[in-house]
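Peer 1: Here's a structure for you.
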């Protein structure tokens, strides 16, 4: 079993929809939780990160962490065709003196105009 | 543009051969990371260097090796190549040895025939 599980999709939604992307994990030492966005033929770019449990909002994006359930989510409000990409969750354990990230498989999202 | 450069963009080679992938980190970043992305395994951490020293190791095959040079650029050497080594190889960099935002390069697509 992988440390981080993520449904690869693909997920197809109409423009304006609310999108929910999720990951589950098994390692209780994970403390930092990140969401990366990867456009086709590009490298991943960091969207948001949260530390431990709670919510974090940035514009149309909201990240949630529920450590008791070992479950993290990314919500995208008012989705746009430009949001079409692969979304990868990533985690890192603490304490750690390295930057070793553990990624989920990635969910491919398509937002149709 | 993340500021991380990788060369070459594409590489096509035959089984049994050896290749070298090159990465230049963002200006001022001391940490360099290598990741492998394949369809079945997703994005997997290979190795991290910090200021010339190996900092962390993932599931990197013995046929693979890396180093970081005094000017901070890094090279990933892949030898005795197999068909299964075909993948996207990403380099990332960050300013610290522990977790900080990692900036990914555009990747090198390796095809082993």
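Peer 1: I'd like the distance separating the alpha-carbon centroids of segment B:42-78 and segment B:1-24, in whole Å.
Peer 2: 13
Peer 1: Okay, next question. In whole angstrom, and with the biggest value first, how far do the Cα coordinates of the protein assembly as shown range along each principal axis?
Peer 2: Largest first, the protein assembly as shown extends 47, 38, 35 Å along its Cα principal axes.
Peer 1: Express the relative contact order of chain B as a whole percentage, based on alpha carbon pairs under 8 Å and six or more residues apart in sequence. Let's see the in-between values first.
Peer 2: Working: 288 pairs, mean separation 42.2, N = 113.
Relative contact order here is 37 percent.
Peer 1: May I pose another question? Give the order of A:41, B:26, A:94 when sorted by the count of other beta carbons within 10 angstrom, beginning with the fewest.
Peer 2: A:41, A:94, B:26
Peer 1: Per the Kirkwood formula on distinct C-alpha pairs, the Rh of segment A:2-51 is how many angstrom?
Peer 2: Answer for segment A:2-51: a Kirkwood hydrodynamic radius of 13.1 Å.
Peer 1: Which three lengths, in whole Å and largest first, does segment A:57-113 cover when its Cα atoms are put on their principal axes?
Peer 2: Taking the Cα atoms of segment A:57-113, the three principal extents are 44, 20, 20 Å.
Peer 1: Within segment A:26-68, name every residue whose backbone N is under 17 Å away from a label modeled 7 Å from Cα of residue B:100 along the Cβ vector.
Peer 2: A:46, A:49, by backbone N distance to the label point.
Peer 1: Taking a quarter of the surface of the convex hull around the Cα atoms of chain B, what do you get in nm²? Walk me through the intermediate numbers first.
Peer 2: Working: hull surface 25.6 nm².
Mean projected area of the Cα convex hull: 6.4 nm².
Peer 1: Moving on. With N denoting the number of residues in chain A, provide Rg(C-alpha) divided by 2.2 N^0.38 Å, to two decimal places.
Peer 2: Here the Cα radius of gyration is 1.02 times the empirical estimate.
Peer 1: Now a separate question. To make sure I understand, if each residue's beta carbon is the centre and we count other beta carbons within 10 Å, what order do A:98, B:13 fall in, fewest to most? Please report the intermediate quantities before stating the final value.
Peer 2: On the way: A:98 19, B:13 16.
Sorted ascending by nearby Cβ count, the order is B:13, A:98.
Peer 1: Related question: Would you order B:73, B:10 from fewest to most other beta-carbon atoms within 10 Å of each residue's own beta-carbon? Spell out each step's value before the answer.
Peer 2: Details: B:73 15, B:10 9.
Starting with the residue having the fewest Cβ neighbours, the order is B:10, B:73.
Peer 1: Also, quick follow-up: Can you tell me the relative contact order of segment A:4-77? Whole percent, Cα pairs under 8 Å, sequence separation 6 or more.
Peer 2: It comes to 31 percent, rounded to a whole number.
Peer 1: Over 11 Å, how big is the tail of the calculated P(r) for segment A:22-65, in percent of all Cα pairs? Intermediate results must be reported in sequence, preceding the final value.
Peer 2: Details: 667 of 946 pairs.
Looking at segment A:22-65, the distances longer than 11 Å represent 71 percent of pairs.
Computed from the coordinates by the stated procedures, all read-outs in this text should not be read as laboratory data. Predicted model only: the values in this text are computed from it and were never measured. Cβ coordinates were reconstructed from backbone atoms using ideal geometry, including for glycine residues, and neighbour counts include every protein chain displayed.
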